[in-house]
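The values are calculated or read from the model by the stated rules, or taken from the named source; none is laboratory data. Since the model is a prediction, treat every value here as computed from it, not as a measurement. All Cβ positions, glycine included, derive from the backbone under ideal geometry; neighbour counts span all protein chains shown.
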């Protein structure tokens, strides 16, 4: 049920509003003045605040300003028996959802509260979506190998040095790239990601550099490439070891000259992009096989970061499991369950060929199939499913 805070110095008004709103199935708290109301709004979460304007100690306008200063997002409806158009306009400018004059019109009050509730719901949903979209997962672990990676990130992030991240599938190479960007001077600008392995070789150049309308059969309109999209920010080239040699040559030119040319175009476009690349391949071996350009390798590998496999950092498994449990509970409504010491030890015995990604999948499976406390027997029974 929705929770409403009523702030008014007149006891009769507070009692009337409580009676009306409780009849409409709202939960109601009330405060006799602005100072008490502000304290209550800080301690508890309300879906809407109804606030009188003329009150002793702290008037409603000041309460409204303080609520906004403290980032309390509940919609505020101002109420006054001494109001006029100027007062109403001032209240709206300061962030009030609406303004209602006394004596209160019951129907208008209830409609306003419902509309404010809709806004409150939208604010909550927007916060959840933003959290999901923009969340950068923490780098979990206290092992020496992961601490070394964190230390390199702290040093290299504030620079514009290019970074080559290596490691097996599922080790967290993308997370390393995200943290470098988040801690860099380019954090306010885009981080644009390209999975080179997922794009057909004949389309990779168009994806990276864009194309002009009519440059090939399916080019029905102009397209801006990832280099231009990342201008001022960071371009993350994931699985760069799978990029075609022709695309490698153009990437090299872009890095050398800071310019790109769209497929089918003649005009050069200047770009200011920091490039972070990642691969699960041994690029030096690929160079020997003539599958990767040595000059591009040296351009990309100013800083090398090798992300350890999970098998190299099994002491981090307890922290990772704890993090995954909380993360899944927050994002997907998974139940908060506990892993016994025996279950953790059993997980540490396993061979993690799929690394962190595989561990997360196993934890999710155990949360779904296991009881309130996950035991070593649960791990033995369910962890290997699908292997």
Would it be correct to say that residue 184 is closer than 24 Å to residue 291 by Cβ and surrounded by 14 or more Cβ atoms within 10 Å (Cβ to Cβ)? no
Going through (1) buried (at least 20 other Cβ atoms within 10 Å of the Cβ); (2) under 30 Å from residue 179 (Cβ atoms) one by one, residue 244 fails only at (1)
Test each condition in (1) touching a residue at least 12 places away in the same chain (Cβ under 8 Å); (2) part of a helix (DSSP H, G or I) for residue 304 and report the one that comes out false. (2)
All but one of (1) within 30 Å of residue 154 (Cα to Cα); (2) surrounded by 21 or more Cβ atoms within 10 Å (Cβ to Cβ); (3) touching a helix residue (DSSP H, G or I) at 6+ places or on another chain (Cβ under 6 Å); (4) without any contact (Cβ under 8 Å) to a residue 60 or more places away in the chain hold for residue 379; state the number of the condition that does not hold. (1)
In the list 38, 67, 50, which residue meets the criterion of being under 17 Å from residue 123 (Cβ atoms) and within 35 Å of the chain's Cα centre (by Cα)? 67
Scan segment 215-228 and give yes if some residue there is in a strand (DSSP E or B) and either in the same structural domain as residue 156 (by TED's automatic domain parsing) or surrounded by 15 or more Cβ atoms within 10 Å (Cβ to Cβ) (or both), otherwise no. yes
Among the residues listed as 316, 295, the single one being surrounded by 21 or more Cβ atoms within 10 Å (Cβ to Cβ) and part of a helix (DSSP H, G or I): 316
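So that you can scan it fast, the table gives a plain yes or no per residue for (1) closer than 23 Å to residue 296 by Cα; (2) out of contact with any helix residue (DSSP H, G or I) (no Cβ under 6 Å at 6 or more places or on another chain):
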site	(1), (2)
151	no, yes
159	yes, yes
162	yes, no
174	yes, yes
190	no, yes
Return a yes/no flag: does segment 306-320 have any residue that is touching a strand residue (DSSP E or B) at 6+ places or on another chain (Cβ under 8 Å) and under 20 Å from residue 168 (Cβ atoms). yes
Being in the same structural domain as residue 172 (by TED's automatic domain parsing) and either surrounded by 15 or more Cβ atoms within 10 Å (Cβ to Cβ) or in contact (Cβ under 8 Å) with a residue 40 or more places away in the chain (or both) narrows it down to one of 262, 289, so name that one. 262
